[in-house]
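Let me begin by presenting the structure, written as structure tokens, before commenting on it.
The values are calculated or read from the model by the stated rules, or taken from the named source; none is laboratory data. The model shown is predicted, which means the values in this text are computed figures rather than measured ones. As a convention, Cβ positions derive from the backbone with ideal geometry for all residues, glycine included, and neighbour counts pool all protein chains shown.
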Amino acid sequence: MTAGSYSGKKTGAVRCRPLEIKLLFLAGFYTLAGMLALYLGAAGIPEREAVPAGLAAIAAFLLVSLYWHFTGYRGDCFLLPVTALLSSTGLVFLFRLDPAYGVRQFVWLLAGLGALVLTTRFSVGFRFLSDYKYIYALAGLVALVLPVFFGHEQGGAKSWLDFGVFHFQPSEFVKILVVLFLASFLAENRPVLTAGTKNLGWLSLPGPQEWGPLVAMWGVSLLLLIFQKDLGAALIYFSTFLTMVYVATSRIFYVLFGMVLFMAGAAASFYFFEHVRARVETWLNPWPYIETTGYQVIQSLFAINSGGMIGTGLGEGYPEFIPIVHTDFIFSAICEETGLIGGVGVIILFMIFVFRGIRIALRTRDEFAALVASGLTALMGLQAFIIIAGVTKLLPLTGVTLPYMSYGGSSLVANFILLGLLMNISHEADGG
């Protein structure tokens, strides 16, 4: 896309951006109310950085929207306000849990918004991304190998690189590379994968030259994640893989076969990896392990239950009883202090995000773009579902972050890049 087409067709932007700015102002009032509640409730001592951080975050989101308005950008006008609400809620609760984490998350939030602007500026003509699928595969494999040899273990997973000043989690960015690789490969081979070239009785299957590279990429990524013991990320990768294959081919056989592979892999992981076995046993019955592996989940359930319908009030709960509440269990802290209403509100925001992503995928006329939008939306929705299901004991706890809300710079920046790619596809789809 040329610079002229980027800034020339401003009709969609004229209609969309003012609505986005109004929604961001509402998100800003919400954020400011939360920060003021922290400041006034704590007599202005430990959370004195909260109010200026909240104001700066509001201003940063508004500046992004104004930049898009003046450049004629036509991306979806609801995704940024939804993201602002999710990010602001996470920021408020991180300041409430530990102001040091809140300050760091605020810095990463600004970095994430910078990554968003760069993504929407320099990859707005996203179709060129389909030309580098094997570079994505190679870069992803290298990024996953590095923590195996040079990473340090945290929470049972060896997926972090320590740079002294900060920790970096490559798997957060590899998720996006995997989606780009799968979208490019599936768009190129969709007719063969859909129709098949080999007949096995009543079933028509593609040949090894079509599905070989795809399964190899999936298998190697999964094995590396097993070596890292980051099985939560492996589950997200695999689920996204199945979703994109089904979207591309509409063949339920691939999903069923993939689910059989998953069940076999899950059973093998249960017997070969102690921390996986501990999580499954804790999921089935955490009470015998209340002093060890079950402590987190039980405290999470206590916190959610004590919140009731409307919560204990911001700053009035006891989320600090949950270990590492600022990452894996921030949803439990939100439910304790804002109640069922707050927890459902967070889930609805993620549902809106997924709905807008699916809408973008349906509106685009480019096959590669539709697959990318579907994959990124599935990635976001599955990650949110898996961690919320884990802290509520619906699924075994996997230790992934809640997008835009949990503490973590790698996750936050990667998710803003994901948002930027979705916005670019929407920009193209709404451009006529």
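A few comments on the model shown:
- Test: residue in the range 1-14 that is at pLDDT 95 or above, assigned to a helix (DSSP H, G or I) and either among the acidic types (D, E) or surrounded by fewer than 21 Cβ atoms within 10 Å (Cβ to Cβ) (or both): no
- Residues in the range 371-401 that are assigned to a helix (DSSP H, G or I), crowded, with 24+ Cβ neighbours inside 10 Å, aliphatic (A, V, I, L, M) and more than 11 Å from the chain's Cα centre (by Cα): L371, V372, A373, V391.
- Cβ separations smaller than 8 Å between residues 6+ apart or across chains give the following pairs from the range 318-332 residues that are closer than 16 Å to G408 by Cα to residues that are of a type in the set (D, E, K, R) and surrounded by fewer than 21 Cβ atoms within 10 Å (Cβ to Cβ): H326/D98.
- All positions within the range 352-370 that are modelled with pLDDT of 95 or more, out of contact with any Gly (no Cβ under 8 Å at 6 or more places or on another chain) and either assigned to a loop (DSSP other than H, G, I, E, B) or over 12 Å from S426 (Cβ atoms) (or both): I352, F355
- Test: residue in the range 318-329 that is of a type outside the set (S, T, Y), within 18 Å of A389 (Cβ to Cβ) and exposed (fewer than 14 other Cβ atoms within 10 Å of the Cβ): no
- Among the residues of the range 232-280, those that are in contact (Cβ under 8 Å) with a residue 12 or more places away in the chain and hydroxyl-bearing (S, T, Y) comprise Y237, S239, T240, T243, T249, S250, Y254, S269.
- Candidates Y246, Y237 - the one that is under 19 Å from V145 (Cα atoms), assigned to a helix (DSSP H, G or I) and at pLDDT 80 or above: Y237
- Top-ranked residue in the range 284-317 [being of a type in the set (A, V, I, L, M) and touching a residue at least 24 places away in the same chain (Cβ under 8 Å); ranked as surrounded by the fewest Cβ atoms within 10 Å (Cβ to Cβ)]: M309
- The helices (runs of 4 or more DSSP H) located wholly in the range 44-157 that include 2 or more residues which are at pLDDT below 85 and either within 25 Å of C335 (Cα to Cα) or out of contact with any Pro (no Cβ under 6 Å at 6 or more places or on another chain) (or both) occupy 133-150.
- Of everything listed in (1) touching a residue at least 12 places away in the same chain (Cβ under 8 Å); (2) over 16 Å from V400 (Cα atoms), the single unmet condition for I348 is (1).
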